[in-house]
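Novice: Starting off with a structure, shown below.
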Amino acid sequence: MSKKPALAKVEGSRHREAPFLQERERYLRHCAEFGAAPGSLCIKRNELIWVARLLPATASQGVDVSLLHEIARERASMHTGVTMEYRMIAAARPWLRFLGWWREPTIVLPFQGHLDRYVKWMRDERGFTPSTVAQWQSRTTQFLQWCVDTDRRLEDLQPDDIDAYFIQNASRWGRISMKGVTGAIRIYLRYAATQGLCDSRLAAALRTPRVYTQESLPYAPRWTDVQRILATTATDKPADIRNRAILMLLSIYGMRRGEVVALRLDQVNWAGRTLHVFRLKRRQPQVYPLLPTVAEALASYIDTVRPPASAPQIFLGLHAPHRPLTPQAVFDLVNDRFKALGIEAKHRGPHALRHACAARLVDQGLSFKEIGDHLGHHSASATMTYAKVDLRALREVGDFDLGDLSWN
């Protein structure tokens, strides 16, 4: 009984006497507020004592990855342990980020300044959505990096150079993907021409692959498969309680994954039983009735599982520091369930559940205008693809009686 208080006293003494006491205590309080367990806090505290002792007095001016590895190796030379270096870096990096002392390793691209201006133009002047900006930035970066790797200068580019880029990547892209890449590069080249960086005729030389309207069927899993996916979350595990609410929003309301992760607590009107969703393509809010099953799933997650946090988003990570979920996290949780259940589908992400929602509405006899409104489609053409899965209407066409008409 006497050893435990003595040990606590020694640990407390080590903690107080090590450098950067205030900085370490502030970070530990932050971790505690965001739900870190006592055992986790103890590990962080002990590791940070060593980090603080080995950090230079100028640490507030910035610590990069090479210095952190040097500190970790110095400690590893004093104490043996297979995971010693890893544990120290894992504890130190979040602390340094919290303090603003961490210097992220940067890859300096020769075109970075120009690319930043292009991204600013897309966001501020053209008003593209964040997802469009991110997607086109990625495709433009790949193209510009290819130009650098092949010693091509923008001002010297010719149509044959653009052809060479597409030929080199043809095996990775289908026609629809190539159409998207072509559109992104064409927009970039038009912008670059206005900045005097390339020939103004270059963008016009790009030819988009022929993609026929409504040439493919929407890849919707059967509704029975959607029910099987939902059934996997019928447990009392915190992750399943959260994921059940997410899967319902995707499959019942046909929400996009970006709309799900952006959903805030104040967008659920419990008294009025309504759900306010900001539709990304329409760029405007839309009000839906809050169905009892969805309300129950949301309430169960918010009341029993959702960690206390200042973030307004509904869906958070289950482990400290409890950040809002990302679209990629939503994709992963849906994709994992498709794979676990062996559901065969062309695509196994959240958008497949959105298609399943649309196919379900078609089967129930809703008009395409009603379906488009429910899904938040920007134009009617986006909804018309579901005409090809309206088997009831197709059978009516097939059974149409021409009467006495003949082709003779």
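Novice: Counting only residues that are farther than 17 Å from LEU96 by Cβ and not in a loop (DSSP other than H, G, I, E, B), how many does the stretch 22-39 have?
Specialist: Total meeting the criteria: 4.
Novice: Can you go through LEU96, LEU115 and tell me which one is in contact with a Ser or Thr (Cβ under 8 Å, 6 or more places away or on another chain) and assigned to a helix (DSSP H, G or I)?
Specialist: LEU115
Novice: Looking at (1) in a helix (DSSP H, G or I); (2) modelled with pLDDT of 80 or more, which is the only condition LEU7 fails?
Specialist: Against the list (1) in a helix (DSSP H, G or I); (2) modelled with pLDDT of 80 or more, LEU7 comes up short only on (2).
Novice: Among the residues of the stretch 52-73, count how many are among the β-branched types (Val, Ile, Thr), surrounded by 14 or more Cβ atoms within 10 Å (Cβ to Cβ) and under 33 Å from the mean Cα position of the chain (by Cα).
Specialist: Matching residues across the stretch 52-73 total 1.
Novice: I would also like to ask the following. ASP124 passes all but one of (1) in a helix (DSSP H, G or I); (2) over 19 Å from ILE185 (Cβ atoms); (3) touching a helix residue (DSSP H, G or I) at 6+ places or on another chain (Cβ under 8 Å); which number fails?
Specialist: For ASP124, the failing item is (3).
Novice: Going by the structure shown, is GLN158 of a type in the set (S, T, N, Q), under 15 Å from LEU144 (Cβ atoms) and more than 27 Å from the chain's Cα centre (by Cα)?
Specialist: It is false that GLN158 is of a type in the set (S, T, N, Q), under 15 Å from LEU144 (Cβ atoms) and more than 27 Å from the chain's Cα centre (by Cα).
Novice: Quick check: anything in the stretch 190-204 polar (S, T, N, Q) and surrounded by 15 or more Cβ atoms within 10 Å (Cβ to Cβ)?
Specialist: no
Novice: Counting only residues that are of a type in the set (Ser, Thr, Tyr) and in a helix (DSSP H, G or I), which one in the stretch 243-298 is surrounded by the most Cβ atoms within 10 Å (Cβ to Cβ)?
Specialist: SER251
The values are calculated or read from the model by the stated rules, or taken from the named source; none is laboratory data. Computed from a prediction, not measured in an experiment: that's the story for all the values here. When we count neighbours, we look across all protein chains shown, and the Cβ atoms used for this are built from the backbone with ideal geometry, even at glycine.
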